[in-house]
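The values are calculated or read from the model by the stated rules, or taken from the named source; none is laboratory data. Only a predicted model underlies this, so the values are computations on that prediction, with no experimental measurement involved. Positions of Cβ are generated from backbone atoms using ideal geometry, with glycine treated the same way; all protein chains shown enter the neighbour counts.
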């Protein structure tokens, strides 16, 4: 099963830089920030509001007024005529937004669709759940961000423990994880050295102002939270869990930011809206999967296999792969089981390096996948990433360069 009529205009996408937890974006209300970014990005790309028929907003961390979600975002972004769902599927939120867009385009209910995702893991909400029948009427409380990272109520483990479980089952030691982490940091460093690649999609600079909007508190021009990484530095780190293999150098960090991708219903319309050079970009297929409890990083394997099967191709046909890899273990498992060359994965970095703001992480990775395929003259590309609940999602794209 392939999607029909789900085309992405070249350059019809964007992302903010990602800022590490409690960094420069920590005080920005996430939905208004995403709307401001979208309004700016659409104007820079010459896309009129009337050209967008529908939209969705992916977000996983509740924030003030997020009950109104996508309609509120649309109004703030200058798209008050458009509406759609607010989507939350943990770290698979970005893929789910793209699938929503592709389905609506394929059904013919819209001619164009804007998929936006935002999250702020910084200053996450603390929720109190009343329990009048509890002892003394005392309810329960939850730190939404940290408690979610730290405990899966079904598998009864933390996300970090899922990485250790997969590492143990697959025989993946520290050496293999640190080798991948070093490679990803090198790839990112090579990519950002002249700034050209990220300039194709990053919305920058971003001025962070005080609550009154008058004083500039920070000017963000690139990702915040990327740490210099060396083999010796990684080797010196202690495992996060006693007796484990995962260190702070081989896992990602929580972050803040937003991203967006515009999809349309025909190749001709996509070409008319493209910028930055000719390229036909099509969303081809989708796959999702769930594996045994407590083994989240491995779910990317069956999810990828399903997306490839639906696209009618094999892993050998892929020109490029990007991943959401909260743990280096993810990339080791995927490369081994799909027989992929790690050097051909995440050529410009990944969430292991630039961080994980939940909802928008996948959109940024898909954007980088598109641009990497363009650099290589086209072909098939795969994005995959794991998600809470021992699940994962994947999409296959194809890029063709008109002759």
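Could you tell me which numbered condition residue 212 fails, if it satisfies all but one of (1) in a loop (DSSP other than H, G, I, E, B); (2) in contact (Cβ under 8 Å) with a residue 24 or more places away in the chain; (3) surrounded by fewer than 20 Cβ atoms within 10 Å (Cβ to Cβ)? It fails just one condition, (2). Say whether the condition of being under 23 Å from residue 115 (Cα atoms), at pLDDT 95 or above and either surrounded by fewer than 24 Cβ atoms within 10 Å (Cβ to Cβ) or under 11 Å from the mean Cα position of the chain (by Cα) (or both) is met by at least one residue in segment 336-350. Yes, segment 336-350 contains at least one residue that is under 23 Å from residue 115 (Cα atoms), at pLDDT 95 or above and either surrounded by fewer than 24 Cβ atoms within 10 Å (Cβ to Cβ) or under 11 Å from the mean Cα position of the chain (by Cα) (or both). Here the condition is being closer than 16 Å to residue 91 by Cβ, in a helix (DSSP H, G or I) and at pLDDT 95 or above; of 385, 362, 287, it holds for 362 alone. Within segment 372-387, the set of residues being surrounded by fewer than 24 Cβ atoms within 10 Å (Cβ to Cβ) and in contact with a helix residue (DSSP H, G or I) (Cβ under 7 Å, 6 or more places away or on another chain) comprises 379, 380.
The set of residues in segment 290-303 being part of a helix (DSSP H, G or I) and either surrounded by 21 or more Cβ atoms within 10 Å (Cβ to Cβ) or out of contact with any strand residue (DSSP E or B) (no Cβ under 7 Å at 6 or more places or on another chain) (or both) consists of 296, 297, 298, 299, 300, 301, 303. Considering only residues in segment 130-155 that are in contact (Cβ under 8 Å) with a residue 24 or more places away in the chain and assigned to a loop (DSSP other than H, G, I, E, B), the one that is surrounded by the fewest Cβ atoms within 10 Å (Cβ to Cβ) turns out to be 154. Would you mind stating whether residue 278 is over 22 Å from residue 120 (Cα atoms), touching a residue at least 40 places away in the same chain (Cβ under 8 Å) and more than 23 Å from the chain's Cα centre (by Cα)? It is true that residue 278 is over 22 Å from residue 120 (Cα atoms), touching a residue at least 40 places away in the same chain (Cβ under 8 Å) and more than 23 Å from the chain's Cα centre (by Cα).
Mind listing whichever residues of segment 245-284 are within 30 Å of residue 306 (Cβ to Cβ), assigned to a loop (DSSP other than H, G, I, E, B) and touching a helix residue (DSSP H, G or I) at 6+ places or on another chain (Cβ under 6 Å)? Selection gives 245, 246, 250, 252, 265, 279.
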